[in-house]
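The values are calculated or read from the model by the stated rules, or taken from the named source; none is laboratory data. Given the structure is predicted, the values throughout are model-derived calculations rather than measurements. Cβ sites come from the backbone with ideal geometry, for glycine too, and all protein chains shown count toward neighbours. Side chains included, ligands, DNA and RNA excluded: accessible areas come from the protein's heavy atoms. Shrake-Rupley method; radii C 1.70, N 1.55, O 1.52, S 1.80 Å.
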Amino acid sequence: MQTETTYITRLTRTLLLFLFFVSITLHLLSQSSKRDSLKKELKLATHDTIRCKILSALIDSEFDVKIWPVYNAELESICSDNLKKLKEGDPLYIFYMGNLSSAYANFGYLKKQQGNIPDALSYALKGLKLQEKLNDKKGKAATLNNIGFIYKSQEKPAKALEYFNQCLAIQEEIKDKAGTASSFNNIGYIYHYQAVQEKNINAKQTLFEKAMTFHKKSLNVQEEIGNKRGIALSYYNIGYIFLDRTDSITASGYFNKSLQLYTELGDRRGTEQTLSVIGALQSEKGQNELARKNVEKALQIAREDGIAQGIVTASKTLAKIYSRSGNWKDAYRMEVLYKQMSDSIANEKNQKDLFQKSYQYAYDKKVTADSIRISSEKKMSELKLQKELAIKNNLIIIIISAILTLVVFGVLLVFLLRSNRERKKAYQKLQQQTELLVKQSRQIAKYQSQMNPHFIFNALNSIQGFVVNNEKEKTLQQLQAFSKLMRQTLSNSDCETISLQTEIIYLQLYVIFEKERFTNKFDFVIECYADRNEIELPPMLIQPFVENALKHAGLNDVVAPVVKLSIRANADLLEICIYDNGNGITKSKSEIIQNSHAISIVKSRIKLLFENEGRNYEENYFSLRSVPEIESGTEVIIKLPLISKY
């Protein structure tokens with residue numbers, strides 16, 4: 001069975017590689033045939049308007065940076081010459097101005113890629129003047145956006161912000177939703193960049209808030225127009241703001257949502273970047289195995305797609321991860337890869353000026369030679385050769401198409417056989433996971449339902465004392481407080497988890513309800529060092545221990561009685577401590593733990609929580625200490641898996 005699977009896998013890979021090669025060959029032949037046809041039309045064209053259209057098509061279809069600028073130079077020359085002869089009211093005047101604006105934009109892009117920023121800006125500003133004359137608002141917005149990116153690449157955030165804001169104003173005016181979302185994102189990026197550079201703490205926080213505001217605006221628009229790639233980018237950028245503000249928990253939530261969307265879209269670049277940053281965060285938390293798997297995936301994508309910066313980032317992170325786990329061999333291998341790629345990128349930057357000068361010489365020479373060639377007519381024999389070449393190309397296409405058809409049928413057959421096996425395995429695995437989840441959900445519901453009657457019984461006992469003593473007014477007050485408390489109890493019981501803030505409010509209500517029966521009034525102190533709104537926990541988990549402190553600690557017998565609740569987030573755990581300064585526990589700790597119904601239920605719930613998170617439960621995640629282990633009173637410590645809304 002294994003031999004058959006291996007054979008099919010190898011055959012599939014071979015066929016896919018062949019199919020990819022054939023597809024690329026067909027695409028190149030098609031593109032080449034199209035360009036040959038356009039070149040022929042260009043030689044026969046006599047009117048400048050037709051020549052402009054053909055030149056624009058040639059520029060769009062040609063990717064060779066040594067060829068398309070030649071066509072662009074001719075386009076610029078034709079448009080400039082005609083504009084000198086025409087008046088502004090002439091319909092052709094607008095035609096040539098539009099094409100000249102496109103030529104300027106093309107040259108601006110070329111100069112930016114070459115690192116020639118002054119020329120790139122010059123062409124962009126020339127194009128902007130023409131677009132203003134034409135009242136071409138969409139073209140003007142695009143040019144303003146390009147200028148913003150030029151200043152961004154030069155690390156001039158104030159100038160970049162100026163042009164991005166001008167671009168945004170036009171996009172909002174013409175109701176270009178996609179463009180508006182993009183501008184919000186660009187402005188947010190600039191504010192984020194400024195915040196990172198800023199030294200003053202107050203100014204830094206203000207810039208972070210501005211960056212967050214614009215990225216959230218971008219996210220809202222992207223969601224409105226249903227642009228999943230834009231949504232993924234917004235999640236990624238918002239995550240980085242939280243990361244730079246040292247809120248790694250919230251940052252992780254946004255990065256995970258970004259990764260999910262990038263994976264759905266098949267966006268390998270976005271997936272690679274997000275996996276790298278998630279892996280780095282996991283490594284900082286000590287989750288080395290998860291971090292290793294994610295960053296290794298990122299490195300694989302970066303290598304396959306030739307993403308140099310991605311290889312640098314991933315190899316640097318992996319070197320740290322391998323070192324922490326004692327894998328010195330792989331750590332050294334990653335350090336070598338990191339240095340090689342870093343040096344390669346640095347050398348590429350150092351050679352940019354030399355490349356620019358040599359390219360400019362070759363480019364000027366090519367413009368002169370091709371201008372002479374274009375101006376002359378070819379002989380009839382050249383046309384005959386072109387026809388023969390076209391016939392030969394068509395024959396090649398027919399042969400390759402026949403081969404491609406056979407290959408497609410073969411690949412489909414192999415995939416059908418393989419997918420049937422995989423579907424059966426996936427279905428069996430899904431059934432097992434579903435049965436496990438149903439079992440765990442029933443257990444959680446069982447424990448939660450056991451807690452509620454226990455709590456109601458104890459609460460009614462508290463009210464019974466006032467009824468026996470015929471204290472009507474206090475009885476009425478307690479019944480009202482009990483009603484409010486019950487509504488909150490029932491509301492919380494419907495949820496698997498509630499926010500930390502909701503649990504704290506509920507405990508405060510309960511303590512107010514219980515205080516009435518105490519002659520020696522006690523203090524209830526809450527210290528929370530965790531995000532109350534983002535972190536969640538199961539309901540009715542803390543209350544039984546606060547109740548035990550109030551009912552069994554003997555707080556009426558001590559001076560300045562106090563019950564203290566301390567909550568803090570520590571790595572990937574939520575630590576909860578309930579302490580009272582009462583008389584302590586008289587029975588042995590083991591007897592208390594064994595016989596307490598509430599403690600038994602809580603321990604079972606904690607174990608299930610860790611199972612649901614795919615983590616192991618440890619005995620020290622629940623502990624109870626009393627006199628003489630501590631100076632006074634009783635202390636209960638509970639450790640839960642850290643659960644975030646996101």
Over 27 Å, how big is the tail of the calculated P(r) for segment 496-644, in percent of all Cα pairs?
21
How about segment 455-557: which trypsin sites (Lys or Arg not before Pro) there lie in a loop by DSSP and see at most 15 other Cβ atoms within 10 Å?
LYS521, ARG532
Residue-level accessible surface for MET486, protein heavy atoms, 1.4 Å, Å²
30
Share of segment 171-278's accessible area from carbon and sulfur, percent, 1.4 Å?
50
Can you work out the base-10 log of I(q)/I(0) for segment 456-513 at q = 0.16, 0.21, 0.29 1/Å, using the Debye formula on its C-alpha atoms alone?
-0.53, -0.80, -1.20
What ranking, highest mean first, results for peptides 124-131, 203-210 when packing means the other Cβ atoms within 10 Å averaged over each residue?
124-131, 203-210
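For segment 77-116, what class follows from the C-alpha gyration tensor (a ≥ b ≥ c being the square roots of its eigenvalues): rounded when a/c is under 1.5, otherwise prolate if a/b is larger than b/c, else oblate? All intermediate terms of the calculation are to be shown ahead of the outcome.
Details: a/c = 4.53, a/b = 2.94, b/c = 1.54.
In terms of gyration-tensor shape, prolate.
Hey, can you find the accessible area per residue of segment 496-644 for me, probe 1.4 Å, expressed in square angstrom?
Numbers: 6700 Å² over 149 residues.
I get 45 Å² per residue for this part.
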Is the shape of segment 237-295 best called rounded, prolate or oblate, per the rule: a/c under 1.5 gives rounded, else a/b larger than b/c gives prolate, else oblate, with a ≥ b ≥ c the square roots of the Cα gyration tensor eigenvalues?
oblate
Just to confirm my numbers, what's the Cα centroid distance between segment 220-278 and segment 52-86 in Å?
40
Can you give me the % of accessible surface on segment 496-644 that is carbon or sulfur? Probe 1.4 Å, all protein chains present, nothing else counted.
45
